[in-house]
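J.: Okay, handing you the structure first.
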Amino acid sequence: MAKGKQPKKSTKTSAKSSGALIPVFDGHNDALLRWALPGRTDGTSFFERSDKGHIDLPRAVEGGFAGGFFAIFIPSPSGRGHKKPPRFTDFVTEDGYAAPLPAPLKADYALNTALTVSAGLFRIERESGGKFKVVRTADELEACLKNGVMAAIYHFEGAEMIDANLNNLEMFYQAGLRSIGPVWSRPNIFAEGVPFQFPKSPDTGPGLTDAGKALVKACNQLGIMIDLSHMNEKGFWDIAALSDAPLVATHSNVHALCRSTRNLTDKQLDAIKESDGMVGLNFAVSFLREDSHNEPNTSLETMVKHIDYLVKRIGIERVGLGSDFDGATIPTAIKDVAGLPKLIEALRGAGYDEKSLKKIAHENWLRVLRKTWKM
């Protein structure tokens, strides 16, 4: 299929499900907070089916969830000795919303929290009996996809746990870190991040600091993927100018369809295409809907519309899924990982053939990671 072309409509035969689940490798989830972070755990286990949250092993098997980027995210502290963070709903008006950037985190809190959540990731791997593996190379990821082992990429969503001298970066890389977003939507020593605002351009503030530029160069040298999803526009262009790796936004959508600061403009999408990078579709309804409402009753057709736009703009080889499971409100039609086949079926019904579906579901992630990790 030619790059940048819309997939041809399938025949009646190819439009039908083959019966076997297409494995889905996912660009982003926040499930580790549910299992590994004191004060945030919900009493569930990765290994037991639950109605809570979006991910556990039984539901993953049911939905063909083959793994993904498991985020180490550091929540803003709350409770004793800390000011309670404002609720997002405090900033919603009839015209949209404009949440300010949260306060920066203290370095010792960020590092200690990252170590705690990271330990939870490796504990799941150890206790899984070979059913779950933290992958460090593209070959390991490919083997997991072929053999039905859930693959996890050790990912930092925000680099607050990394020191200015980047000593921690080297240490975490040796532990298995293979992907990092320099910022979540919160300032740190590397960049400012993009606030959650609508309707608004992602051009909201300054770009990378000198420490941020050094972080990008170090990640390129080590072969750590840089995630652009929470960068503001100036930070995005700073990374585009500095990085020698494909530009990747693991969980972002189309700004032309939903004017959230968290979504990508056409110019940004063109740069991602030029670098041979990719975009993972975020399932968060507030980044999908034209009105950006946090409404679970959002159709699968809305998701397909973003996929169609991305495929047309950047090519079928550069589009994947980046659900934001356990970190966002997602369409009720999907509900959790067990519902992933419903999205695949919606794409099939929209004319995507089996070859294209496999690219979107997992092959494109494998391609871009092989180019980025260089091993």
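J.: In the stretch 246-271, what count of residues is obtained for those that are within 18 Å of the chain's Cα centre (by Cα) and either of a type outside the set (G, A, S) or farther than 28 Å from V304 by Cα (or both)? Break it down into steps so the answer makes sense when it comes.
T.: If we filter the stretch 246-271 for residues that are within 18 Å of the chain's Cα centre (by Cα), which is where we start, we get 246-255, 258, 260-265, 268-269.
Adding the requirement that they be either of a type outside the set (G, A, S) or farther than 28 Å from V304 by Cα (or both) leaves 246-248, 250-251, 253-255, 258, 261-265, 268-269.
Qualifying residue count, the stretch 246-271: 16.
J.: Inside the stretch 333-343, can you point out the residues that are closer than 19 Å to V285 by Cβ and either touching a Phe, Trp or Tyr at 6+ places or on another chain (Cβ under 8 Å) or surrounded by 17 or more Cβ atoms within 10 Å (Cβ to Cβ) (or both)?
T.: Listed by number, the residues that qualify are A333, I334, D336, V337, A338, G339, L340, L343.
J.: Going by the structure shown, is I162 modelled with pLDDT of 95 or more, among the aliphatic types (A, V, I, L, M) and either open to solvent by 10 Å² or more (accessible area, probe 1.4 Å) or farther than 22 Å from G280 by Cβ (or both)?
T.: Criteria met by I162.
J.: Conditions: (1) open to solvent by less than 50 Å² (accessible area, probe 1.4 Å); (2) closer than 21 Å to C219 by Cα; (3) of a type outside the set (D, E, K, R); (4) touching a Gly at 6+ places or on another chain (Cβ under 8 Å). V149 meets all but one. Number of the miss?
T.: Single failed check for V149: (2).
J.: Checking the conditions here, which among D266, D203, D210 is of a type outside the set (G, A, S) and free of Cβ contacts under 8 Å to residues at least 12 places away in the same chain?
T.: Answer to the selection: D210.
J.: Taking interchain pairs and intrachain pairs at least six residues apart, which have beta carbon atoms under 9 angstrom, with the first residue in the stretch 308-321 and at positive phi and the second open to solvent by 10 Å² or more (accessible area, probe 1.4 Å) and part of a helix (DSSP H, G or I)?
T.: G315/K273
J.: Any residue at all in the stretch 37-53 that is surrounded by 23 or more Cβ atoms within 10 Å (Cβ to Cβ), within 20 Å of F122 (Cα to Cα) and either modelled with pLDDT under 85 or in contact with a Phe, Trp or Tyr (Cβ under 7 Å, 6 or more places away or on another chain) (or both)?
T.: Checking the stretch 37-53: at least one residue is surrounded by 23 or more Cβ atoms within 10 Å (Cβ to Cβ), within 20 Å of F122 (Cα to Cα) and either modelled with pLDDT under 85 or in contact with a Phe, Trp or Tyr (Cβ under 7 Å, 6 or more places away or on another chain) (or both).
J.: Of the residues A71, A98, which single one is modelled with pLDDT of 90 or more and open to solvent by 10 Å² or more (accessible area, probe 1.4 Å)?
T.: A98
J.: I would also like to ask the following. Are any residues in the stretch 294-331 closer than 12 Å to N282 by Cα and among the polar types (S, T, N, Q), and if so, which ones?
T.: Listed by number, the residues that qualify are T302, S323, T329.
J.: Kindly list the number of the only condition in (1) within 18 Å of the chain's Cα centre (by Cα); (2) surrounded by fewer than 21 Cβ atoms within 10 Å (Cβ to Cβ); (3) of a type in the set (S, T, N, Q) that fails for N364.
T.: Among (1) within 18 Å of the chain's Cα centre (by Cα); (2) surrounded by fewer than 21 Cβ atoms within 10 Å (Cβ to Cβ); (3) of a type in the set (S, T, N, Q), the lone unmet condition for N364 is (2).
J.: If you check every pair at least six apart or on different chains, which have Cβ atoms under 8 Å apart with a residue in the stretch 275-302 that is touching a residue at least 40 places away in the same chain (Cβ under 8 Å) first and a residue that is open to solvent by less than 20 Å² (accessible area, probe 1.4 Å) and of a type in the set (D, E) second?
T.: If the second residue must be open to solvent by less than 20 Å² (accessible area, probe 1.4 Å) and of a type in the set (D, E), the pairs left are G280/D26; N282/D324; F283/D324; A284/D324.
Matching residues to (1) of a type in the set (K, R); (2) farther than 23 Å from L121 by Cα; (3) in contact with a Leu (Cβ under 8 Å, 6 or more places away or on another chain):
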| position | (1), (2), (3) |
| --- | --- |
| L169 | no, no, yes |
| F172 | no, no, no |
| P182 | no, no, yes |
| I189 | no, yes, no |
| F196 | no, yes, no |
| D203 | no, yes, no |
| A211 | no, yes, no |
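The values are calculated or read from the model by the stated rules, or taken from the named source; none is laboratory data. Computed from a predicted structure; not experimentally measured. Counting neighbours? That spans all protein chains shown, and the Cβs are built from the backbone with ideal geometry, glycine included. Surface areas here come from the heavy atoms of the whole protein model, side chains and all, with no ligands, DNA or RNA. Shrake-Rupley method; radii C 1.70, N 1.55, O 1.52, S 1.80 Å.
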